[in-house]
Amino acid sequence: MAGHNLEIRRSSASLWGGATGMRHLPVVSKFIDTTTCIGCKACEVACQEWNDLKAVATEQTGTYQTMPELDAEFWNLIRFNEQEFDGGLVWLMRKDQCMHCEDPGCLRACPADGAIVQYTNGIVDFQQENCIGCQYCVSGCPFDIPKFNSQTKKVYKCTLCSDRVGQGLEPACIKACPTGCLKFGTKTDMRAIADARARQLREQSGFANAGVYDPPSVNGTHVIYVLHDITTPELYGGLPANPRIPPTFTLWKGVAKPIALLLAMLAAPVAFFHYVMEGPKEPQP
């Protein structure tokens with residue numbers, strides 16, 4: 001378990017969560033300022049090295065983007081997207097990784113006990129030793145983040161360096177960033193910095209629609225962005241404007257599982273009274 005020093009708030013396939021209340025930590029967040037990212041990819045390298053991920057063959061797609069999508073062995077990708085803006089061109093670069101939703105679709109969809117956990121500080125982590133490879137988390141994520149490894153039959157994603165955070169360190173990608181566009185701290189502090197930066201962009205830099213991406217449809221995320229134009233987040237490599245958890249992947253836990261549990265509890269007394277009234281089943285000749 002990568003974040004063994006962190007207290008678990010809730011766990012997959014659990015109706016009531018798994019928190020023990022033994023250790024309460026501040027809710028954390030990563031702040032990403034897309035307006036000061038230079039696309040150097042230092043964060044990509046730091047992520048690969050710290051997590052000891054295998055080398056993945058890059059693919060030339062006509063841009064400086066390392067590869068088209070995230071991979072089970074590549075959890076952090078700088079997306080490059082050239083767009084027209086104010087009669088000119090602007091390069092919209094976005095650091096793509098797990099958003100660590102406050103209401104994680106992957107955790108809601110997962111049927112394997114303890115395969116996905118959310119710590120009290122908000123980080124969402126995968127525990128591969130409990131993963132059954134069903135890939136429900138892949139379909140349940142509104143950001144298309146988790147990736148399946150066909151060799152290990154497990155699913156992987158960014159852990160927000162829960163092992164480092166559990167020891168009081170910042171994530172590796174933030175440590176490597178040379179421009180300061182990445183910051184890490186409490187969610188309250190990071191949101192305040194993001195709001196101040198967006199206001200500065202609107203008032204001083206001519207970006208009238210600048211804003212903070214922290215979607216309420218998933219109760220906010222623990223990775224937040226400052227965007228030049230908050231009205232069209234899709235321009236930043238397909239960032240959804242209104243991410244939502246597919247209801248088909250959460251219905252089983254919210255409705256079907258409690259009903260099944262209730263029926264199982266009722267079956268025991270029914271079987272007992274049947275035994276008392278009818279006696280043991282007679283062996284057949």
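Numbers for the structure displayed
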| read-out | value |
| --- | --- |
| Accessible surface of the range 100-197, 1.4 Å probe, proportion on carbon and sulfur as whole % | 48 percent |
| In order through the range 96-112: 3J(HN,Hα) via Karplus (6.51 cos²θ - 1.76 cosθ + 1.60), integer Hz, x for Gly, Pro | 9, 6, 4, 8, 6, 4, 5, 10, x, x, 4, 5, 4, 7, 5, x, 8 |
| Karplus-derived 3J(HN,Hα), 6.51/-1.76/1.60, for each residue of the range 84-92, Hz, glycine and proline x | 6, 8, 6, x, x, 10, 9, 9, 8 |
| Share of carbon and sulfur in the accessible heavy-atom surface of the range 51-96 [1.4 Å probe, %] | 46 percent |
| Extended-chain gain in nm, criterion 0.36 nm per residue less alpha-carbon gap, residue 5 and residue 25 | 6.1 nm |
| Environment charge at residue 125 (Cβ cut-off 13 Å; Lys +1, Arg +1, Asp -1, Glu -1) | +1 |
| Over 27 Å (Cα to Cα) - which of 153/187; 153/183; 30/54; 153/175 fall in this group | 153/187; 153/183; 153/175 |
| Trypsin sites (Lys or Arg not before Pro) within the range 93-193, DSSP loop, no more than 16 other Cβ atoms inside 10 Å | 153 |
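The values are calculated or read from the model by the stated rules, or taken from the named source; none is laboratory data. Predicted model only: the values in this text are computed from it and were never measured. Note that we place each Cβ from the backbone using ideal geometry, even for glycine, and neighbour counts take in every protein chain shown. To get the accessible areas, we keep the full protein, side chains included, count just its heavy atoms, and leave off ligands, DNA and RNA. Shrake-Rupley method; radii C 1.70, N 1.55, O 1.52, S 1.80 Å.
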